[in-house]
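Report on the structure given below.
The values are calculated or read from the model by the stated rules, or taken from the named source; none is laboratory data. Just so we're clear, the structure is a prediction, and the values are computed from it rather than from any experiment. All Cβ positions, even for glycine, are placed from backbone atoms using ideal geometry, and neighbour counts span all protein chains on display.
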Amino acid sequence: MEHRDDHQSEAAALTAIAGKLGCSPDSLRTLVRQTQRDGGERPGPTNAEIARITELGRENRELRQANEILRKASAYFAQAELDRPFRKLLLSFVTPKHPAASATLRTVPAVRVAR
């Protein structure tokens, strides 16, 4: 801020300049602080870091939602697979009588043969 020396304090400088710009002194103070952080003069997150954190938060939320949808779909389809009467009936006939067919059915991922 070039006009700091023209005023008694930084707050007075911000108030005078904000009046000329047509914004509130608090808005101008926030902009000055962020500019100082971006320039490395003040500690804290830069605009680029804030944008990246926001982007990562959004991505994290989307991934959590996708995981929840996949978890529910997996549970739904697993239950639907267990409720298929034809497969249960098929397994009850094939497993005890034909060991070769039983071995083949074990290799199919959707079919679980009880031992």
Checklist entry - For D5, are the conditions met, namely being modelled with pLDDT under 90, acidic (D, E) and assigned to a helix (DSSP H, G or I)? => result yes
Checklist entry - Counting only residues that are in a helix (DSSP H, G or I) and out of contact with any helix residue (DSSP H, G or I) (no Cβ under 7 Å at 6 or more places or on another chain), how many does segment 33-55 have? => result 12
Next on the checklist: Within segment 14-23, does at least one residue satisfy the condition of being outside any helix (DSSP H, G or I), basic (K, R) and without any contact (Cβ under 8 Å) to a residue 12 or more places away in the chain?
Outcome noted: no
